[in-house]
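A short worksheet on the structure shown next.
The values are calculated or read from the model by the stated rules, or taken from the named source; none is laboratory data. Model, not experiment: these values are computed from the prediction. Ideal geometry is used to build each Cβ from the backbone, glycine not excepted, and the neighbour counts take in all protein chains shown. Side chains included, ligands, DNA and RNA excluded: accessible areas come from the protein's heavy atoms. Shrake-Rupley method; radii C 1.70, N 1.55, O 1.52, S 1.80 Å.
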Amino acid sequence: SGMPCEWLGGTPLHSWCWPGVALIAGIAVLPASVAIAALRDRPFARAGHLTAGLTLVGWICLQVAVIGLVSWMQPFMFAVGLLIAALGAAQLRSVRGPVEVST
């Protein structure tokens with residue numbers, strides 16, 4: 001993988017296999033599925049954008065917590081995740097209308 005196994009010190013992991021599987025599932029398959037759903041105009045794609053963005057943000061937070069800040073790509077991808085989540089939330093809000101709070 002090109003990632004030093006020393007970065008996994010202090011974790012229950014001994015290789016990058018399971019983090020790689022999680023990365024493929026959450027950060028590759030999920031957004032690709034949402035993109036395909038959006039192209040097919042499926043209603044769940046709106047919530048999927050928010051979910052995909054928050055998943056990326058969560059992945060980066062977990063990654064930094066486990067291995068530390070080791071690359072400029074971590075804050076960049078965190079910002080991309082926030083942008084995707086914000087755009088997904090805005091799209092959901094525009095479809096559902098403003099949230100009304102009763103007092």
May I ask you to order 88-94, 66-72 by the average number of other C-beta atoms within 10 Å around their residues, highest value first?
88-94, 66-72
Compute the acute angle (0 to 90°) between the alpha-carbon long axis of helix 44-67 and the principal axis of greatest extent of the alpha-carbon atoms of the chain; round to the nearest 10°.
30
At 0.36 nm per residue, and after removing the present C-alpha to C-alpha distance, how many nm does the segment from ALA79 to ALA65 gain when stretched out fully?
3.4 nm
If I ignore ligands, DNA and RNA and count only protein heavy atoms, how much of HIS49 is accessible to a 1.4 Å probe, in Å² to the nearest 10?
50
State the answer as a single residue: which of ILE60, GLY88, PRO31 lies farthest towards the positive end of the charge dipole of the chain, with beta carbon charges of +1 for Lys and Arg and -1 for Asp and Glu, about the Cα centre.
GLY88
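For the chain, what is the relative contact order in percent, using Cα pairs closer than 8 Å and at least 6 residues apart in sequence? The partial results should precede the final answer.
On the way: 82 pairs, mean separation 27.1, N = 103.
Across the chain, relative contact order equals 26 percent.
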In the chain, what percent of the accessible surface is made up of carbon and sulfur (1.4 Å probe, ligands and nucleic acids excluded)?
70
Here are several values of semi-axes √(5λ) of the Cα gyration tensor in Å: (i) 29, 16, 13; (ii) 32, 16, 11; (iii) 20, 17, 11. Which one was derived from the coordinates shown?
(ii)
Per the helix-only calculation at 222 nm, which mean residue ellipticity applies to the chain, given -39500 (n - 2.57) for every DSSP H run of n ≥ 4 and division by its residues, nearest 500 deg cm²/dmol?
-21000 deg cm²/dmol
For TRP59, TRP7, write out the residues from largest to smallest accessible area, computed with a 1.4 angstrom probe and no ligands counted.
TRP7, TRP59
With θ set to phi - 60°, apply the Karplus curve 6.51 cos²θ - 1.76 cosθ + 1.60 along region 79-92 and write out the HN-Hα couplings as whole Hz, x wherever there is a Gly or Pro.
5, 4, x, 4, 5, 4, 5, 5, 5, x, 5, 5, 5, 4
Please give the charge dipole size of the chain, origin at the Cα centre, charges +1 on K and R Cβ atoms and -1 on D and E Cβ atoms. Round to the nearest 20 debye.
340
Using a 1.4 angstrom probe, figure out how much accessible area the chain has per residue, in square angstrom, rounded to the nearest whole.
69
